[in-house]
Every structure is written in structure tokens, then in C-alpha cells.
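One structure below.
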Amino acid sequence: MKHLLSIADLEKEELFEILKLAEKLKEERYKGVVTDYLKNKSLAMIFELPSTRTRVSFEVAMTDLGGHALYLGWDELQLGRGEPIKDTARVLSRYVHAVMMRVRDHSTVEEFAKYSTVPVINGLSNLEHPCQVIADLLTIYEYRGDFKDVTLAWVGDGNNVCNSMILAAALTGMKMIVSTPENYDPNPEIVKKAKEMGGKLQFVRDPKEAVKEADVIYTDVWTSMGQEAEKEARMAAFQPYQVSDELLKLSKDDVVVMHCMPAHRGEEITDEVIEGKHSIIFDQAENRLHAQKAILLKLLGKENEVY
Ligand code: CP
Ligand code: NVA
């Protein structure tokens with residue numbers, strides 16, 4: 001039994017299998033094929049923080065696959081009244097076939113996974129957002145055809161999505177240039193791990209330099225969920241890192257712009273860039289659905305039934 005708490009939980013072959021599966025499931029949905037590979041299976045979805053994409057894509061994924069998803073808000077569970085995570089994990093394991101959870105602190109999903117006897121999926125923690133990045137890889141593959149000749153410039157905060165992308169770049173052979181202000185670098189242990197994995201990782205403080213050779217520019221909010229108290233300091237530190245038309249002019253003509261959303265227009269990205277010809281963010285958001293299905297099938301050992 002396997003959990004997906006970090007991109008590093010996947011071997012390279014497993015990651016590519018998930019991407020291939022996602023491609024196939026996307027095709028099947030477009031053709032209107034009935035894909036009830038998870039008939040009679042249930043997924044519990046625990047949310048300690050809000051969500052649009054993760055919640056809806058996982059729920060629709062389960063419906064499309066013939067299964068059922070339960071939305072469980074943290075405060076509506078006994079967890080909100082202090083029931084221990086280890087008890088909740090063991091009880092839910094008796095009812096459902098997998099658990100997806102979005103938590104403030106990564107240690108919460110780790111603790112849950114330790115006691116769960118069914119697969120646990122990290123639907124975002126302060127440390128990583130692996131499901132997001134799997135959908136992002138599918139999108140990059142669709143637009144760029146491969147990973148090994150692709151350079152992704154990360155512009156902005158060295159946050160949870162950035163951490164997962166660093167590991168994903170190392171697994172796929174993609175080059176990643178990280179451009180963050182001082183004091184907002186990605187997690188050092190993740191950087192170390194990616195380097196040990198042979199990741200082609202570069203750090204460039206100046207975003208104007210960082211985007212020059214980029215095939216993909218990726219940005220995310222300057223203030224992630226749970227960091228609201230730091231908002232003012234962050235707004236000041238990140239100003240030079242806004243993804244704007246001026247910044248895009250310094251990059252390749254065919255560069256694509258990605259954002260995991262929700263986006264804050266006028267902060268990390270301008271309205272013009274979101275609505276402009278380089279933006280692929282809505283295709284990226286759609287791919288969350290296809291990727292979630294592939295993740296679920298892989299973790300539930302159903303991947304071979306798709307072929
Ligand atoms: N990108 C992402 O995870 O979006 P939500 O917060 O809406 O789930
Ligand atoms: N880095 C953002 C991602 C939201 C999907 C956050 O953690 O709030």
C-alpha cells in the first residue's frame with residue numbers, strides 16, 4: 001500500500017505511468033466513454049483549508065470513475081473537537097478505500113498516513129502540493145512534447161507548489177530555474193533531495209535573468225493559505241517578481257505561463273498575462289481532473305484495468 005504525500009514518494013516510472021494514464025483518461029472523457037473503474041469505491045476528502053479545484057476535481061473524478069467522494073470539512077468532523085488524528089485515520093480506514101486531505105501542517109497528513117490502512121493523498125500541505133504538480137506535468141507535456149529539453153522558470157515564492165515542482169523536475173529531467181527573493185527560498189531539504197536525484201536546478205535572484213531561456217514561466221500567490229499575517233511584508237518583498245507583459249518580453253516568443261490558481265490579478269500576475277496568448281492556466285486547471293483520476297487508479301491498484 002502506497003501513499004502520495006510528496007512527489008518523492010513516486011519512482012520515476014510510477015510518475016510516468018500516472019501521466020500516461022491521465023492522458024488516456026482524458027481521451028476517454030472527451031469520447032464520452034463510461035469509465036467505472038472505481039465502482040463501489042469511496043474516497044474521503046478532509047479539508048482543513050478551502051479549495052475549489054482540488055475539491056471539485058477529486059469529487060468529479062470519483063463520480064466519473066463510478067465511485068463516490070465524501071466532502072468532510074475539518075470542523076464538521078470530530079477532529080475539529082479534538083479527536084486524535086490517529087483515531088480518525090483508523091476509523092475512516094474501515095469505511096473508505098482512500099483518503100485525500102488538505103492540511104495546514106504537513107505533519108498532520110504524515111500522522112494520518114502512519115495510522116491509515118488505506119492510501120492517503122496529500123491534497124496540499126504547507127510543504128507540498130503533489131497532485132497539482134502531476135497535473136502541471138501533464139500540461140507541460142501537452143504543450144512541450146517532452147521534459148528533457150524544457151526549462152521551467154519559477155518566479156515568486158519558494159512555496160509548497162514550488163517544492164513539489166523541484167522534485168518533479170528532478171524526476172522528469174526538466175531544467176528548473178528558481179527565482180525568489182531572499183528569505184523566500186524553497187525548502188532546503190527538498191532542494192538537497194532534488195540535487196541528490198540529479199536535478200538540473202539553478203537559483204537566479206533576478207527574475208529578468210531567470211526568464212530569458214524559459215520555455216515555461218510558473219508563478220503562484222505571494223501569500224499562501226495560513227500565511228495571512230505575513231501579507232504586508234510579502235507584498236513588499238515580491239513586487240519585482242510580478243509576471244507581467246514586460247517580464248514576458250524578456251523571455252522566448254513562445255513561452256507559456258502557468259499558475260496553479262487561485263490567482264491574484266495585479267499581484268503575482270497581471271490580468272493581461274492571465275488573459276493573454278501565453279497563458280495556459282485554464283488547460284492546466286482542467287488537467288487536475290484527469291490527473292486526479294490517474295492518481296486514484298494508481299494508488300488503488302486499478303491502473304491495469306484501463307488498458
Ligand atoms: N490549485 C489548487 O489546488 O486550487 P484549489 O485551492 O482551488 O484547490
Ligand atoms: N501556494 C498556494 C497554493 C494554493 C492552491 C497556497 O498554499 O495557498
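Being under 20 Å from Thr139 (Cα atoms) and not in a loop (DSSP other than H, G, I, E, B) is the filter here; which residues of region 173-199 pass it? Lys175, Met176, Ile177, Val178, listed by residue number.
The residue that is most open to solvent (accessible area, probe 1.4 Å), among those in region 249-265 that are within 16 Å of ligand 1 (Cβ to nearest atom) and under 19 Å from Asp283 (Cβ atoms), is Arg265. Filtering region 266-294 to residues that are assigned to a helix (DSSP H, G or I), open to solvent by less than 40 Å² (accessible area, probe 1.4 Å), under 21 Å from Leu152 (Cβ atoms) and within 16 Å of ligand 2 (Cβ to nearest atom) leaves Ile274, Ile281, Gln284, Ala285, Asn287, Arg288, Ala291. Exactly one residue among Leu247, Leu296, Leu289 is over 22 Å from Arg144 (Cβ atoms), among the hydrophobic types (A, V, I, L, M, F, W, C) and modelled with pLDDT of 95 or more, and that residue is Leu296. When restricted to residues that are within 16 Å of ligand 1 (Cβ to nearest atom) and part of a loop (DSSP other than H, G, I, E, B), region 200-238 contains 8. Please state which of the following conditions Thr151 fails to meet, knowing it meets all the rest: (1) modelled with pLDDT of 95 or more; (2) open to solvent by 40 Å² or more (accessible area, probe 1.4 Å). It fails just one condition, (2). For region 118-125, indicate whether the set of residues that are open to solvent by 10 Å² or more (accessible area, probe 1.4 Å), within 16 Å of ligand 2 (Cβ to nearest atom), assigned to a strand (DSSP E or B) and not polar (S, T, N, Q) is non-empty. So far as region 118-125 goes, no, none of its residues is open to solvent by 10 Å² or more (accessible area, probe 1.4 Å), within 16 Å of ligand 2 (Cβ to nearest atom), assigned to a strand (DSSP E or B) and not polar (S, T, N, Q). The number of residues in region 160-171 that are open to solvent by less than 10 Å² (accessible area, probe 1.4 Å) and either in a loop (DSSP other than H, G, I, E, B) or away from ligand 1 (no atom under 16 Å from the Cβ) (or both) comes to 3.
Against the test of being away from ligand 2 (no atom under 16 Å from the Cβ), within 30 Å of Glu189 (Cα to Cα), touching a residue at least 60 places away in the same chain (Cβ under 8 Å) and open to solvent by less than 50 Å² (accessible area, probe 1.4 Å), the options Leu25, Leu19 yield a single qualifying residue, Leu19.
The values are calculated or read from the model by the stated rules, or taken from the named source; none is laboratory data. What you are looking at is a predicted structure, and each value in this text was computed from that prediction instead of being measured. All Cβ positions, even for glycine, are placed from backbone atoms using ideal geometry, and neighbour counts span all protein chains on display. Calculation scope for accessible area: heavy atoms of the full protein, side chains included, ligands and nucleic acids excluded. Shrake-Rupley method; radii C 1.70, N 1.55, O 1.52, S 1.80 Å.
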